[in-house]
Amino acid sequence: MFFKRPKPRVLTFAEHLENLKSAGFQVQPGPQGTTLVTRNRLGALLREGADGRPQVVDTGIVLGNELAVLTDVGFQKIFLAPSGRRAAALAEHLHALHDFREDLVELLGLESLYNESLGTVNEKHLYDRVAGRDAGAAPRPWQR
C-alpha cells in the first residue's frame, strides 16, 4: 500500500513577515524595495526572491534610522552606514548579530550555511591597498 504524502505548504513573503512579527521582530519598509526587520537595535534587510521566498540582503546594527553593515577595514571590523556613519564592532555586537541572524534564518526557513554558523561573517571589505578602488574615486596619475 502506498501513502501519498501531502506537499509542504510554501509560505508567501507576507506570511513570513507576519511570522517574524509574531516572534517579536519589528517589520517596516526599507530602502530600495526591501523590508527592514529589527529587534534590539539589530536589523536585517529582506527582499522577496524570484521564487517568493525571502532573501537576507544585509544584516547589521541600526544607527539612527539606517542599517549599518559589518565591514572589515583590515585591522578591525566596523559597522558602516550608507550615510558614512561608523561605529566600532565590539565582541558583544558580533555575538548579538550572530544570534540575531541565526534566529532570523531559522524563522524564515532558510538554509543555515556552515561557514555562517561558525561566527559573524561579512561581505564588505575596505582594506584593499589599491588607492581609490573601494571608494570609486578616479585613479591617481601614476595608476592610469
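The values are calculated or read from the model by the stated rules, or taken from the named source; none is laboratory data. Computed from a prediction, not measured in an experiment: that's the story for all the values here. Cβ sites come from the backbone with ideal geometry, for glycine too, and all protein chains shown count toward neighbours.
Table for the structure above
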| item | result |
| --- | --- |
| Within segment 40-53, considering residues that are over 18 Å from Ala87 (Cβ atoms) and modelled with pLDDT of 90 or more, the one nearest to the chain's Cα centre (by Cα) | Leu46 |
| Of all residues making up segment 7-35, the number that are charged (D, E, K, R) and in a loop (DSSP other than H, G, I, E, B) | 2 |
| Number of the exception - Val105 against (1) within 22 Å of Lys124 (Cα to Cα); (2) surrounded by fewer than 19 Cβ atoms within 10 Å (Cβ to Cβ) | (2) |
| In segment 44-87, the residues that are assigned to a strand (DSSP E or B), among the small types (Gly, Ala, Ser) and in contact (Cβ under 8 Å) with a residue 40 or more places away in the chain | Ala44 |
| Phe2, sole failed condition from (1) touching a Leu at 6+ places or on another chain (Cβ under 9 Å); (2) over 17 Å from Glu102 (Cα atoms) | (1) |
| Scope segment 51-78; condition surrounded by 16 or more Cβ atoms within 10 Å (Cβ to Cβ) and more than 24 Å from Gly24 (Cα to Cα); matching residues | Thr71, Asp72, Lys77, Ile78 |
| Any hit, segment 97-114, residues being touching a residue at least 24 places away in the same chain (Cβ under 8 Å), more than 18 Å from Leu45 (Cα to Cα) and under 16 Å from the mean Cα position of the chain (by Cα) | no |
